[in-house]
Amino acid sequence: MKKRILSVLIASIVLVVPMAQEAEEVRDYRLEAAQMLQQGNKALKGERLSELQDIVFHLSNEEKESLYESFKKKSAGSAVLNWIPGFGSGSYSQGDAFGGTVILLSDICTTGAVVVGTGALCVAFVAVIFEGPLSALSGNDEMETTDKYMSIAGISFLVGGGLWLCTRIFGTFRPIVYKNAYNKKLRSVLSPTEDVIIEPAIDPVAKTAGITARVWL
């Protein structure tokens, strides 16, 4: 009877171990890491970063390098899109909400200044063409009206042109700065792992301390 019970226990252990290994192999850590990295910069902050690091621990160095090459940021295309069509489209496509918003607001102000300048210029031309009726309606002579609106147009175009130039410079270099910062974070998470990692282990509840060793297979 004892021999039969022992045989059943041994058979159960033999069956359970392969099942546990199979369950472990079913989990695709690379896919999980890729899905998290699709969230962009959000995956490299706070609790999500800790979760990502736990997943990355199970990846080989080759898989880490593959993920890095797939998800690292590039800047050339984003810089071009910040020029044409502008409005922060390049930075937004890169995942840079701050840079995209700055360029968007600046381009809106630039467009507004150009619209105001164009309107003032049109009024100045109308003053030249219809100097008699316009002078009678405004109470000013034609030259005063023209000078007034030409000044408004000049200031508006100057402000709009200055904003446009500053925004284009910012839109060219901001994707490079963002790319370097993001890729540095990504590389720190997906950096190659040594064969053995030894870390301190402290249990505040049990009030014990020791070390843990992670072996890379």
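The values are calculated or read from the model by the stated rules, or taken from the named source; none is laboratory data. Computed from a prediction, not measured in an experiment: that's the story for all the values here. Reconstructed Cβ throughout: ideal geometry from the backbone, glycine too, with neighbour counts over all protein chains shown. Remember, those area values only see protein heavy atoms, side chains included, never the ligands or the DNA or RNA. Shrake-Rupley method; radii C 1.70, N 1.55, O 1.52, S 1.80 Å.
Leaving out ligands, DNA and RNA but keeping every protein chain, what accessible area does Trp83 have, in Å² rounded to the nearest 10, with a 1.4 Å probe?
Counting only protein heavy atoms, the figure is 120 Å².
For Ser60 and Lys72, calculate 0.36 nm times their separation in residues minus their Cα-Cα distance, and state this gained length in nm to one decimal.
Extending this stretch completely gives an extra 2.5 nm.
Using r as the Cβ-Cβ distance of Cys122 and Ile155, and R0 as 22 Å, what FRET efficiency do you calculate, to the nearest 0.05?
0.90
Remind me, relative contact order of the stretch 32-135 in percent, using alpha carbon pairs under 8 angstrom and six or more residues apart?
Averaging sequence separation for qualifying contacts and normalising by length gives 15 percent for the stretch 32-135.
Could you pull out every residue, at least 5 positions away or on a different chain, whose amide H is within less than 5 Å of the one on Gly88? Hs are placed 1.01 Å off N in the peptide plane, and Pro or chain starts have none.
Those lying under 5 Å, H to H, from Gly88 are Leu104.
Over the stretch 38-80, give the accessible area per residue in Å² for a 1.4 Å probe, as an integer.
60 Å²
Can you tell me the length gained on complete extension of the stretch Lys184 to Cys166, counting 0.36 nm per residue apart and subtracting the Cα distance?
3.8 nm is the gain from fully extending Lys184 to Cys166.
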